[in-house]
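Visitor: Structure provided below as structure tokens; questions to follow.
The values are calculated or read from the model by the stated rules, or taken from the named source; none is laboratory data. This is a predicted model, so every value here is computed, not measured. Reconstructed Cβ throughout: ideal geometry from the backbone, glycine too, with neighbour counts over all protein chains shown. Surface accessibility is based on the protein's heavy atoms, side chains included, excluding ligands, DNA and RNA. Shrake-Rupley method; radii C 1.70, N 1.55, O 1.52, S 1.80 Å.
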Protein chains: 2
Amino acid sequence: MKSKRSEFLTKEPLSQQVYDYVHLRIERGDYAPNDRLPSVRSLAEQFGVHRLTVFKSYQQLVKDHFIYAKDRSGYYVCPHPAVKLTSQPDKTFTNAIDSGDVIHLHQKKNQKQIHTAQPLHSAASQLTKEDSLPFLSLTRRTHVLSALHQQDVQYQFSKALIDPSLLPNTYMSEYVKQVFDMYPKLLGTYSTVQGDFQLREVMAEYFNARHHMSLSPEDILVTSGATQAIDLAARMLIKPGDVVLVERPTYSTAIDIFRQAGARIVTVEMRPDGYDMEQLEHTIVESRPRLMYVNPTYHNPTGYVLPEEKRKLLIELAEQYQFIIAEDDTTYDMYFADEPPPPIYSYDTEGVVMYIRSFSKYVAPGLRIAFVLCKPWLMKEALTLKSLTDGGSPLLGQKIFEHYFTSSRMQTHMEKLRIALSLRKEKMEQMLTAADWQWISPEGGLDLWVQLPAHMNAIALLEKSLEQSVAFVPGPFCDPLPQGSEAYIRLSYCYTSEKQIEEGMERLLIAYANLL
Amino acid sequence: MKSKRSEFLTKEPLSQQVYDYVHLRIERGDYAPNDRLPSVRSLAEQFGVHRLTVFKSYQQLVKDHFIYAKDRSGYYVCPHPAVKLTSQPDKTFTNAIDSGDVIHLHQKKNQKQIHTAQPLHSAASQLTKEDSLPFLSLTRRTHVLSALHQQDVQYQFSKALIDPSLLPNTYMSEYVKQVFDMYPKLLGTYSTVQGDFQLREVMAEYFNARHHMSLSPEDILVTSGATQAIDLAARMLIKPGDVVLVERPTYSTAIDIFRQAGARIVTVEMRPDGYDMEQLEHTIVESRPRLMYVNPTYHNPTGYVLPEEKRKLLIELAEQYQFIIAEDDTTYDMYFADEPPPPIYSYDTEGVVMYIRSFSKYVAPGLRIAFVLCKPWLMKEALTLKSLTDGGSPLLGQKIFEHYFTSSRMQTHMEKLRIALSLRKEKMEQMLTAADWQWISPEGGLDLWVQLPAHMNAIALLEKSLEQSVAFVPGPFCDPLPQGSEAYIRLSYCYTSEKQIEEGMERLLIAYANLL
């Protein structure tokens, strides 16, 4: 337990994070040999850290022979950074692949050295540390979050997943049997890349009726969950070094995906009333994003909703400055009272929006079904990439979902689910009133975004609360920037029963009291 | 029909292919502004084309202001290649993303120009041509192959897929119902990133018993088909510009995946007795690959088998020169007489092999189940990436597969399947004897790799044979190099009945006769 905990509680110093970022960009070749690096000032602004922090990182990179300084004119990339690697086996980026480079460079000078190179297994053993292939090193956060989810705790407020006991499991099992009576050869059928045509027909009708869209089955792609859809968007639209604009805070897996794609992440604050549109346009003009990832409805983690007016304005910005909006609308149906405003995609006439709508997590997570809606020119690329990614999602789950989705059961289930979630939310808020914490009560979604008193650190609170067998997501996990969310926590009320919420929150407040 | 056909029969001139390749590398930033490009000679060698062809491509790139020539010293990348794009809307690489760049560059000089920029929808309409986002432009081959597969022909020799009538469909349907009686809450259960533990236990036992391995469930990752596994390998191990070594010819989707990852593809000839190991080592020393993709057992498309001795030598080369072997063993169980030699992975002690074994295509393609076997240091990265790719394969198919795989039915089915395939192969070979074509009879697998007389062009033959409602895969589709496979065709005998094979081959030979 102790070791496991330390795995995600150790926080890197800011200068190390900046170091890793710059090093990754050099590794990727975003910064070529002898390229000039961003100024200390601009990088400090980008990371929202003090200039001395960036200065410190640059000093270390110079010390490690990855970059060199020219008087007055700034910092530049060393011709062969990899050469230095073997001399510092303790560095996180020393690994088999790099040592391959090293050999390559030596080998030109002296063939004999090929055989003296560090053997792969020793590199491998290094990789079993916190280390990682250099071009994956910024995805460590993933280990971190999954390590948190793997915590065997009694009160699981860290998972934004639906409590399985709220799902129509037994009915679904019966249902599957009916599906197989309908399609005895179902498992022998090859799935298509875009997804089952009948399912796409059904979904086109659904979206057209509900959101006044004019979709045809060709405008819909079936993906294995929303995660795959976000990954497709990143791979289609992002080259290393490109700017992705994301809300702050945001979905931590999305941050990992964009970093994995080599994106430069720029943020816009998500407020109770959405973004400051002037500030947003300024940021867009400054950073020229290729992609903006948004979660406008019951936003994760805040639960905020982007107002209808700003949805229309966002489309105009995307058209004017020519970037693509990836609209992740996973929680659209999780409203407690009034329905949310129409999706941003429903205002899209020029084809600037990639709309991502997940359903299966509210019905049958075992199916992993989501849909991407977009215009033909984006769909063409999405299909190419999907065919290279997995050749198409499994057909079985698609047919099961199709028949459940079209049944009257679906509507009834969703209504019950909304009620159950709102009751759990109320219970959690009722328990929270005992503390001097602040939050804005969401009108839908799965989480509360809670601000602790300024002096309180979320990571410290998590450590204490784990001793009480309570888990939650600390603010920094949802923040693309290294600083500013230390006093926030995400409490998910969707995975635990009201009784568990009552007991778990009591324990959380005890953990909090122990820190005061 | 006509238009559809032309979609994949139009062959780009070699110089255009070289042009696209160099342009892609510039787009990706592999070649930075003012970088020196490879010499005409070296690029000609790499592509296996005449130097004049490369010279022609470079001349066009100069004309299009992407590169410039310096007397005697060679060709270099222009500082801002994108700037010129809008002046040539007819070029394949003009598109929304580029025009975004254009604006960016103008905008620094003159804010006003932002609004005069080419609107996104016109860029979009360009993309509905053969065009593609620049960093995807080399995946056009995918459209091509899928376009071929979509041909509505009577005699389908182009699909290396198992004839659904050879699959245990009805039995599987019954089976699924039993699975749901065993796991009524199956669909309400969240899948893990690595895959169902019980299934991984079952597979570990299977591999340990059959191949004398010592796997634990932690050494196995469940993926959605072999395609996803190859894509994971590429994304884990390849950065743009890295070298991937592949057999020639090879699986065309793998070529697309590695190009998508920005790899420089280097080839080794696949011969009836495997590779020339001296030639292979020479190529490795020259090109320093990070990854070698191999399909050593009933190789696609040739059906050849890499002998046991060379499997052991390949491991030694990977350890010595420190590259990873991605071993795609999809057809391992499709032997007609004796079992093939053990997987390369079974000789791997240092952890240099990522073993990819697909099963579901021989049982229930609707399930899409494959397995990746590798050592912990690779598994750690594979899990991180898998979690960002789709969060784990759907649980439903895994449980169904697990229970079928462990049933006695599985073994019986596989034996029946092997017999059916060998009979179909014999029928196809019997029909082929009528022509002056050459092939080596494979001892397993799904395809015949047939050499036409030197004067015959596979693409021309395909055009004629489609008129006879017969489809096959022309050699160039399986060749990473632009030249040398024009006189080869791949004939798959797995998707059509013996009767269809008889009729279809007669028609193919008629098409052939019409070309003489």
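Visitor: Report every pair of residues separated by at least 6 positions or lying on different chains whose Cβ atoms are under 6 Å apart, first residue within the stretch A:49-68 and at negative phi and without any contact (Cβ under 8 Å) to a residue 12 or more places away in the chain, second surrounded by 15 or more Cβ atoms within 10 Å (Cβ to Cβ) and assigned to a helix (DSSP H, G or I).
Guide: Filtered contacts from the stretch A:49-68: A:51/A:40; A:51/A:44.
Visitor: Tally up the residues in the stretch A:188-214 that are within 14 Å of chain B (Cβ to nearest Cβ) and either farther than 12 Å from residue A:400 by Cα or not in a helix (DSSP H, G or I) (or both), please. Talk me through it step by step, then tell me what you get.
Guide: First, pick out the residues of the stretch A:188-214 that are within 14 Å of chain B (Cβ to nearest Cβ): A:188-197, A:199.
Adding the requirement that they be either farther than 12 Å from residue A:400 by Cα or not in a helix (DSSP H, G or I) (or both) leaves A:188-197.
Qualifying residue count for the region: 10.
Visitor: Which residue pairs have Cβ atoms under 6 Å apart, sit 6 or more places apart or on different chains, and have a first residue in the stretch A:25-47 that is under 17 Å from residue A:243 (Cβ atoms) and a second that is assigned to a helix (DSSP H, G or I) and modelled with pLDDT under 80?
Guide: Taking only residues 6 or more apart or on different chains, the pairs are A:28/A:135.
Visitor: From A:462, A:508, A:515, which residue is out of contact with any Pro (no Cβ under 6 Å at 6 or more places or on another chain) and either buried (at least 18 other Cβ atoms within 10 Å of the Cβ) or among the aromatic types (Phe, Trp, Tyr) (or both)? Lay out the reasoning, then the answer.
Guide: Values: A:462 fails: out of contact with any Pro (no Cβ under 6 Å at 6 or more places or on another chain); A:515 fails: either buried (at least 18 other Cβ atoms within 10 Å of the Cβ) or among the aromatic types (Phe, Trp, Tyr) (or both).
Of the residues listed, the single one that is out of contact with any Pro (no Cβ under 6 Å at 6 or more places or on another chain) and either buried (at least 18 other Cβ atoms within 10 Å of the Cβ) or among the aromatic types (Phe, Trp, Tyr) (or both) is A:508.
Visitor: Out of (1) over 30 Å from residue B:42 (Cβ atoms); (2) open to solvent by 30 Å² or more (accessible area, probe 1.4 Å), the odd one out for residue B:264 is which?
Guide: All conditions pass for residue B:264, except number (1).
Visitor: Hey, could you check the stretch B:378-395 for residues that are in contact (Cβ under 8 Å) with a residue 24 or more places away in the chain and open to solvent by 10 Å² or more (accessible area, probe 1.4 Å) and say which is farthest from the other protein chains (Cβ to nearest Cβ)?
Guide: From the stretch B:378-395, those in contact (Cβ under 8 Å) with a residue 24 or more places away in the chain are B:378-379, B:381-383, B:385-387, B:389-395; that's our starting set.
Of the ones still in play, those that are also open to solvent by 10 Å² or more (accessible area, probe 1.4 Å) are B:383, B:387, B:391, B:394-395.
Values: B:383: 8, B:387: 6, B:391: 5, B:394: 5, B:395: 4 Å.
Filtering first and then ranking leaves B:383.
Visitor: Could you tell me which numbered condition residue A:309 fails, if it satisfies all but one of (1) among the charged types (D, E, K, R); (2) in contact with a helix residue (DSSP H, G or I) (Cβ under 7 Å, 6 or more places away or on another chain); (3) open to solvent by 10 Å² or more (accessible area, probe 1.4 Å); (4) more than 13 Å from every other protein chain (Cβ to nearest Cβ)?
Guide: All conditions are met except number (2).
Visitor: For the stretch A:154-166, state whether one or more residues are of a type in the set (Phe, Trp, Tyr), modelled with pLDDT under 95 and crowded, with 17+ Cβ neighbours inside 10 Å. Outline the logic, then answer.
Guide: Let us first name the residues in the stretch A:154-166 that are of a type in the set (Phe, Trp, Tyr), namely A:155, A:157.
Adding the requirement that they be modelled with pLDDT under 95 leaves none.
No, the conditions are met nowhere in the stretch A:154-166.
Visitor: How many residues does the stretch A:215-229 hold that are away from chain B (no Cβ under 14 Å) and either hydrophobic (A, V, I, L, M, F, W, C) or open to solvent by less than 10 Å² (accessible area, probe 1.4 Å) (or both)? Don't jump to the end; show me each part of the working.
Guide: Kept after step one, since they are away from chain B (no Cβ under 14 Å), are these residues of the stretch A:215-229: A:215-217, A:220.
Next, from what is left, pick out any that are either hydrophobic (A, V, I, L, M, F, W, C) or open to solvent by less than 10 Å² (accessible area, probe 1.4 Å) (or both): A:215, A:220.
Qualifying residue count, the stretch A:215-229: 2.
Visitor: What are the pairs with Cβ atoms under 6 angstrom where one residue, in the stretch B:230-241, is open to solvent by less than 10 Å² (accessible area, probe 1.4 Å) and the other, located anywhere, is of a type in the set (Lys, Arg)? Sequence gap at least six, or different chains.
Guide: That search, which allows pairs on different chains as well, returns B:237/B:290.
Visitor: Here is a check on your reading of the model: is residue B:227 in contact (Cβ under 8 Å) with a residue 24 or more places away in the chain, in a loop (DSSP other than H, G, I, E, B) and at negative phi? So that I can check it myself, show each step before the final result.
Guide: Details: in contact (Cβ under 8 Å) with a residue 24 or more places away in the chain: yes; in a loop (DSSP other than H, G, I, E, B): no; at negative phi: yes.
Taking the combined requirement at face value, the residue does not satisfy it.
Visitor: Continuing with the same structure: Among the residues of the stretch B:330-381, which ones are among the aliphatic types (A, V, I, L, M) and in a helix (DSSP H, G or I)? Write out each step before concluding.
Guide: Initially, the stretch B:330-381 is screened for residues among the aliphatic types (A, V, I, L, M), giving B:334, B:337, B:344, B:352-354, B:356, B:363-364, B:367, B:369-370, B:372-373, B:378-379.
The answer is B:344, B:367, B:378, B:379.
Visitor: Regarding the stretch A:322-335, can at least one residue be identified that is open to solvent by 30 Å² or more (accessible area, probe 1.4 Å), over 30 Å from residue A:408 (Cβ atoms) and away from chain B (no Cβ under 14 Å)?
Guide: So far as the stretch A:322-335 goes, no, none of its residues is open to solvent by 30 Å² or more (accessible area, probe 1.4 Å), over 30 Å from residue A:408 (Cβ atoms) and away from chain B (no Cβ under 14 Å).
Visitor: May I pose another question? Residues of the stretch A:267-298 being assigned to a loop (DSSP other than H, G, I, E, B), free of Cβ contacts under 8 Å to residues at least 40 places away in the same chain and either within 13 Å of residue A:238 (Cβ to Cβ) or open to solvent by 20 Å² or more (accessible area, probe 1.4 Å) (or both), which ones? Talk me through it step by step, then tell me what you get.
Guide: At the first step, the residues of the stretch A:267-298 found to be assigned to a loop (DSSP other than H, G, I, E, B) are A:270, A:272-273, A:275-276, A:288-290, A:295-298.
Checking the rest, the ones that are also free of Cβ contacts under 8 Å to residues at least 40 places away in the same chain come to A:270, A:273, A:275-276.
A:273, A:276 - these are the residues of the stretch A:267-298 that are assigned to a loop (DSSP other than H, G, I, E, B), free of Cβ contacts under 8 Å to residues at least 40 places away in the same chain and either within 13 Å of residue A:238 (Cβ to Cβ) or open to solvent by 20 Å² or more (accessible area, probe 1.4 Å) (or both).
Visitor: Follow-up question, since we're still on this one. Under 7 Å between Cβ atoms, which residue pairs at least 6 apart in sequence (or on different chains) link something in the stretch B:408-430 that is closer than 14 Å to residue B:162 by Cβ and in a helix (DSSP H, G or I) with a partner that is open to solvent by 20 Å² or more (accessible area, probe 1.4 Å) and modelled with pLDDT under 95?
Guide: Close Cβ pairs (under 7 Å, with a partner that is open to solvent by 20 Å² or more (accessible area, probe 1.4 Å) and modelled with pLDDT under 95) amount to B:413/B:168; B:417/B:166; B:420/B:166.
Visitor: Ok, one more. Here are A:486, A:443: which of them is open to solvent by 10 Å² or more (accessible area, probe 1.4 Å) and under 20 Å from the mean Cα position of the chain (by Cα)?
Guide: Values: A:443 fails: under 20 Å from the mean Cα position of the chain (by Cα).
Going through A:486, A:443 in turn, the sole match is A:486.
Visitor: In this structure, is residue B:253 open to solvent by 20 Å² or more (accessible area, probe 1.4 Å), closer than 21 Å to residue A:193 by Cβ and of a type in the set (Val, Ile, Thr)? Quick ask: steps written out before the conclusion?
Guide: Numbers: open to solvent by 20 Å² or more (accessible area, probe 1.4 Å): yes; closer than 21 Å to residue A:193 by Cβ: yes; of a type in the set (Val, Ile, Thr): yes.
Judged against the criteria, residue B:253 is a match.
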